[in-house]
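Undergrad: Quick one: the structure is below, questions incoming.
Please treat every number below as a calculation from the coordinates, not as lab data. Predicted model, so just to flag it, every value in this text is computed and none were measured. Reconstructed Cβ throughout: ideal geometry from the backbone, glycine too, with neighbour counts over all protein chains shown.
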Amino acid sequence: MSNIILFIYVGALVYITVYCLSQLHLLYHYKVNHWYKGKNNLITESIPDESLPFVTIQLPIFNELYVVERLVDRIVQFDYPKDKFEIHLLDDSTDETVDISRRKVEEYKKQGFNIELVTRENRTGYKAGALKDAMPMARGEYIAIFDADFLPKLDFLKATIPYFKDEKVGVVQTRWEHINQNYSLITRLQALQLNVHFTVEQSGRKAGNFMLQFNGTAGVWRRKCIDGAGGWEADTLTEDLDLSYRAQLKGWQIVYLEKFGSPAELPAEMNGLKSQQFRWMKGGAENARKLLPQVWKSSLSFGQKMQSTFHLMSSGVFLFIFIAGIFSVPLLFALNTVTVDPKFLTIFLVSLVSVISVYYVANVQARLDNESYLKTVLKFVLIFPVFLSLSMGLSLHNTVAVIQGYRGKKSAFIRTPKFNIKGIKDSFGQRKYLATKLPATTIFEGLLALYFLGAVIAGIYVQNLTFLLFHIALTFGFGTICYYSVQHYRLK
């Protein structure tokens, strides 16, 4: 039995390590082929106003009464000829958001803007369905898409459209910036993770000639690319990743602009963050199930296929983090009876070194603010262990999502509510959209915190400190996730 426990634990560590090494591979391409060679320089050549193409701006929203007004107000200010773009507000809302949308549309119509409110009788296909249903109405050669929580820069279109001069370019994606990064611990930790995706991962994939992804918002599509790739499909919860891969498999290219940011609001409360994580993790698993056969049957190189596999299966790492955590407790008592020297487990520390390296580069070396280097390093040293711990604390929640995705179990697209949170004085405590039902996983997260606390005490008692730091991190992670879930649920 001891050897079986060890085998399962090691198997989980192998998967985690292989994934972390794939991230290290992206870091290599980011540093060598992108960072040092400066391959992400922005195009500075502008297009004369009379030569600019017509653009359709689609704004898919659902019950976003706190942010829809600011979104529309920002879009109409774009530095782009008024007669060269149209705005389609795709509002599937079931609350007073529709009234706000209708009022804003009428307001700007009177000012001469080409803006329309598009509503549907039902929410079939969710966001993908709204985008698909709106395509016949779009007159633009290019389609720009923004979610409700974004406040794009006014020169967004003029900064992105020039890249379509290359006929092979089907998508231009910009980097997400964070309006409320310093609002709370939750938002700081999200920013830490997203910074990795929008530096090392996206730019590293581009530098390595691997498959990229459109991130669902803050990007522009060539209309012919959407149509040629088969259009929006609603059979996964991450329709953006799905269409990105189908487009690239058809030969289209994605341009990623790390140096051009699009500000957005991060989820400020735990249950909203959980709903977002669930959608991303399950959608990733659904796309792995859907797209991996196509990837391996394609003409991509072996290296491209391997990186695509790691990309599409990245959400699965939470499943193996959860398995490693659960089995580390019985292994604590079984180490003395296994038939191999447990010291070999230290080899898996390479995964931790890889993760630290990737996050350090993304959040310190590639920092995009004006803080001093020393202050940035200090912040990273303090917050990274907390990030690692809470990421492990989300592993149960995300594991459920991943398993459902691989099994093909369908579920609704639960959008992440935003509350117009910009500074520390803003509050979501009395706002609508907070969770009215405590997720079942929250109870188990609390129990797991006690489970790993017991392992910490037991390890000290039996004088076996092999997993002490790991179990302390798991205790803190699950306990904190449970605490915030309950606290933010009670605020409703």
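Undergrad: What's the lysine pair count for the range 355-473 at a Cα cut-off below 28 Å, pairs eight or more apart or interchain?
TA: Lysine pairs, 8 or more places apart or on different chains, close enough: 15.
Undergrad: If you split all Cα-Cα distances of the chain into 20 Å bins from zero, what percentages do you get per bin, shortest first?
TA: Over the chain, the share of Cα pairs per 20 Å bin runs 22, 56, 20, 2 percent.
Undergrad: Let me ask something additional. Return the calculated 222 nm mean residue ellipticity for the chain, to the nearest 500 deg cm²/dmol, obtained by summing -39500 (n - 2.57) across DSSP H runs with n ≥ 4 and dividing by the residue count.
TA: -16000 deg cm²/dmol
Undergrad: Would you kindly state the longest site-free stretch of the chain, with sites defined as GluC sites (Glu not before Pro) in a DSSP loop (not H, G, I, E, B) surrounded by at most 15 other Cβ atoms within 10 Å?
TA: The answer is 168-370.
Undergrad: Cut-off is 10 Å between beta-carbons; in what order do S299, S389 appear when sorted fewest neighbours first?
TA: S299, S389
Undergrad: Please report the relative contact order for the chain, taking Cα pairs under 8 Å with a sequence separation of at least 6, and give it as a percent rounded to a whole number.
TA: Across the chain, relative contact order equals 20 percent.
Undergrad: Within the range 136-186, which trypsin sites (Lys or Arg not before Pro) sit in a loop by DSSP and count at most 14 neighbouring Cβ atoms inside 10 Å?
TA: R139, K168
Undergrad: So, one more: Within 10 Å of each residue's Cβ, count the other Cβ atoms and sort M281, M135, M313, M211 from fewest upward.
TA: Neighbour counts put them in this order, fewest first: M135, M313, M211, M281.
Undergrad: Hey, another quick one. Write down the percent of antiparallel bridges among all DSSP beta bridges whose residues are both part of the chain, to the nearest 5.
TA: 25 percent
Undergrad: A further question on this structure: Could you list I321, I481, I414, I179 in order of exposure, starting from the residue whose Cβ has the fewest other Cβ atoms within 10 Å?
TA: Fewest-to-most Cβ neighbours within 10 Å comes out as I414, I179, I321, I481.
Undergrad: Got a sec to turn the phi values of the range 201-215 into Karplus ³J(HN,Hα) couplings, 6.51 cos²θ - 1.76 cosθ + 1.60 with θ = phi - 60°, whole Hz, x for Gly and Pro?
TA: 6, 5, 5, x, 5, 5, 5, x, 6, 9, 6, 9, 9, 7, 9
Undergrad: Placing unit charges on C-beta atoms (Lys and Arg positive, Asp and Glu negative, everything else neutral), compute the dipole magnitude of the range 32-267 about its Cα centre in debye, rounded to 20.
TA: 820 debye
Undergrad: At what distance in nm do the modelled label points of A412 and Q294 sit from each other, each positioned 7 Å from its Cα along Cα→Cβ?
TA: 2.8 nm
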